[in-house]
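Following: one structure in structure tokens, then a few remarks.
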Amino acid sequence: MVDRYLRWTRTGPGRFLTRRLGLPAPARLHRWSAERPTLEGGPLLHLTAGRSAYDTDALAAALDACGLVVRTGTGGARPSSTDTATPRESPESPVFPVSPESSATSAVLLDATGIRTIAELDEIHSALHPVLRDLSSNGRVVVLGSVPDPDDHHQAAAQQALEGFVRSLGKELGKGRTAQLVRLRPAADAEAEPPTVVAEGTDGTDGVAEVEGATDARPAPAPTPVAVGGGATRTVRTGTVRLGVVPALDDPPAGPVVAPVTALPAPVAEPARATGGTDTAEALRSTFRFLLSPRSAYVSGQVITLDPALPTTGAGATGTDPHVPADPAHPLAGRTALVTGAARGIGATVARTLARDGAHVVLLDVPQSEPELSALAESLGGRALPLDITAPDAGDAIVAALPCDLDVLVHNAGITRDRRLVNMPADRWRPVLDVNLASVLRTTDHLLASGAVRAGGRVVATASIAGIAGNTGQTNYAASKAGVIGMVRSLAPRAAAEYGVTVNAVAPGFIETRMTAAIPLVIREAGRRMNSLSQGGLPEDVAETVAWFADPGSGAVNGQVVRVCGQSLLGA
């Protein structure tokens, strides 16, 4: 839908009146295109506040993936040609001195991982204060921090302060510029021993495994020898796991739901699961490629936690498949992606973006949309799957229709049935929760348990800012989208450990679609302007975020809910 106010502000009279009256003046956002794939306006400035907690060479290697000239300096003053920056050893990432004659920058990365005290927060101000005026329009600021340490409240206070700082900075920058905080979890945090499983015959529990710290019990898997190289074998366990099957909402149970146990697929002999994970550079590379590029044009004020210790090889791999060559231009080449709700709107754009990145796409939507669905699938060289996602046998139908196992599962199907709760009958409440939430749970559980999602796969769900902040007249919709967030946070660590699959969610704000076009004018204009970028987003903005989650290199991104809302004033 056309934003007429945005067009008007770019005319001569519009620019004059917005300045005189103090009206919002949205910037023209630089979104990704084949002709303009990188940020413009200068180099990427790499600064460090104090001492980095990570290998600076690894950070430099990750930054090289952004396709920008990288200049380095130290916090405390504007970098200049007399700075004594440590040269990088890699010939692919040379150091360029920053001089006052060439001060414009397209992006700033501030490494604040070593900040541990409140006094050290002064270095954040010292590093960024001199350079922000030179940040070009549509520029990026990314602050790299550490996960707050629960055993050190001083470090936790200092690192948590970065969140408030970044969210405020995002609201100050203007001119299409954005700010993000990326937290890097130390590898040691995730290298602790997994929960101890007591197998059948060792404790007399007759095949019920006990997991330390868990309240649930699950049948103990049978031991299976797996070759690990050098003639040695390691005993691993395969078997059944409680995933939880969501009942249809039309027939709610009278008491607590007890989920039936669902069998895992047959084990396959393969190398032993990695105990470590990706290195720092690999963990950061795909995230930097997204945040420090035009792909993240409508993402701002977000806090993203990366876990480099997630395994990247073996049965529990969440990182890059070593058998698929990495191609930054087509990272999904050789992979299969299923997108629900794909006939139009955001879902169709997600499908196009994944296909652009090399994926073979399977497009699912209701049978009534088959003409549009088939036409889109044919244009993308994919496959159409007309199917009601709420059908009890939808999971089986999907598995039967897939040409091969999935690498990417995108839950985009969703509906609204808006009305204030006092006026909302049950027939407007239940369908929203069934389509937006229950079907997501049922389908995800079935595809994981059946082995239809490969190790190293990605599950991407669609939440909403309404699920975070709430919205008048949308109690049903907000409940369903908040439920999606709950699913992601709970399932993500278990899916990574048991299946090697990451689970994340995108939470769109005001996106220009047919649905938002139907909103009354005054409310629609308020929705567009009530964010740091003073404009609505496009379906492409959501699709680029989904593509980042789906990237084979995004194995360190798990359990994250990233808002695509231009940093809306609503919610966190």
Within region 137-168, of all residues that are polar (S, T, N, Q) and under 17 Å from Thr305 (Cβ atoms), the one farthest from the chain's Cα centre (by Cα) is Gln155
Enumeration of residues in region 151-174 that are modelled with pLDDT of 95 or more and not in a helix (DSSP H, G or I):
Asp151, Asp152
Residues of region 332-345 that turn out to be assigned to a loop (DSSP other than H, G, I, E, B) and closer than 14 Å to Ile389 by Cα, as a count
3
Failed condition for Thr513, given (1) within 20 Å of Asn436 (Cβ to Cβ); (2) polar (S, T, N, Q); (3) at pLDDT 95 or above, with all others met?
(3)
Within region 424-438, does at least one residue satisfy the condition of being surrounded by fewer than 22 Cβ atoms within 10 Å (Cβ to Cβ) and touching a Gly at 6+ places or on another chain (Cβ under 7 Å)?
no
Does Val460 satisfy being in contact (Cβ under 8 Å) with a residue 40 or more places away in the chain, touching a helix residue (DSSP H, G or I) at 6+ places or on another chain (Cβ under 9 Å) and closer than 25 Å to Ala309 by Cα?
yes
Gly473: outside any helix (DSSP H, G or I) and either farther than 30 Å from Asn531 by Cβ or among the charged types (D, E, K, R) (or both), yes or no?
no
Any idea which of (1) farther than 23 Å from Leu310 by Cβ; (2) without any contact (Cβ under 8 Å) to a residue 60 or more places away in the chain; (3) among the hydroxyl-bearing types (Ser, Thr, Tyr) is the one Thr444 doesn't satisfy?
(1)
Check whether at least one residue in region 363-380 is part of a loop (DSSP other than H, G, I, E, B), modelled with pLDDT of 95 or more and farther than 18 Å from Val459 by Cα, and report yes or no.
yes
Filter region 42-61 for residues that are part of a strand (DSSP E or B) and of a type outside the set (A, V, I, L, M, F, W, C); the one that is farthest from the chain's Cα centre (by Cα) is Thr48
Checked region 353-362 for anything surrounded by 19 or more Cβ atoms within 10 Å (Cβ to Cβ) and assigned to a helix (DSSP H, G or I); matches are Thr353, Leu354, Ala355
Top-ranked residue in region 481-500 [being over 27 Å from Val432 (Cα atoms) and hydrophobic (A, V, I, L, M, F, W, C); ranked as surrounded by the most Cβ atoms within 10 Å (Cβ to Cβ)]
Ala496
Can you tell me which residue is farthest from Val506 (Cα to Cα) among those in region 280-318 that are of a type in the set (A, V, I, L, M, F, W, C) and at pLDDT below 95?
Ala315
Taking interchain pairs and intrachain pairs at least six residues apart, which have beta carbon atoms under 7 angstrom, with the first residue in region 520-547 and closer than 15 Å to Ser296 by Cα and part of a helix (DSSP H, G or I) and the second basic (Lys, Arg) and modelled with pLDDT of 90 or more?
Glu540/Arg31; Glu544/Arg295
Answer residue from region 4-23, given it is surrounded by 16 or more Cβ atoms within 10 Å (Cβ to Cβ) and either of a type outside the set (S, T, N, Q) or in contact (Cβ under 8 Å) with a residue 40 or more places away in the chain (or both) and is farthest from Ala518 (Cα to Cα) among those
Gly14
For region 541-562, name all the residues that are in contact with a helix residue (DSSP H, G or I) (Cβ under 6 Å, 6 or more places away or on another chain) and not β-branched (Val, Ile, Thr).
Ala543, Glu544, Ala547, Trp548, Asp551, Gly553, Ser554, Ala556, Asn558, Gly559
Scan Ala348, Ala384 and give me the residue that is in contact (Cβ under 8 Å) with a residue 60 or more places away in the chain and not in a loop (DSSP other than H, G, I, E, B).
Ala348
If we keep only residues of region 378-404 that are out of contact with any helix residue (DSSP H, G or I) (no Cβ under 8 Å at 6 or more places or on another chain) and either crowded, with 17+ Cβ neighbours inside 10 Å or of a type in the set (A, V, I, L, M, F, W, C) (or both), then the residue nearest to Pro431 (Cα to Cα) is Ala397
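The values are calculated or read from the model by the stated rules, or taken from the named source; none is laboratory data. All values derive from a computational prediction rather than experimental measurement. All Cβ positions, even for glycine, are placed from backbone atoms using ideal geometry, and neighbour counts span all protein chains on display.
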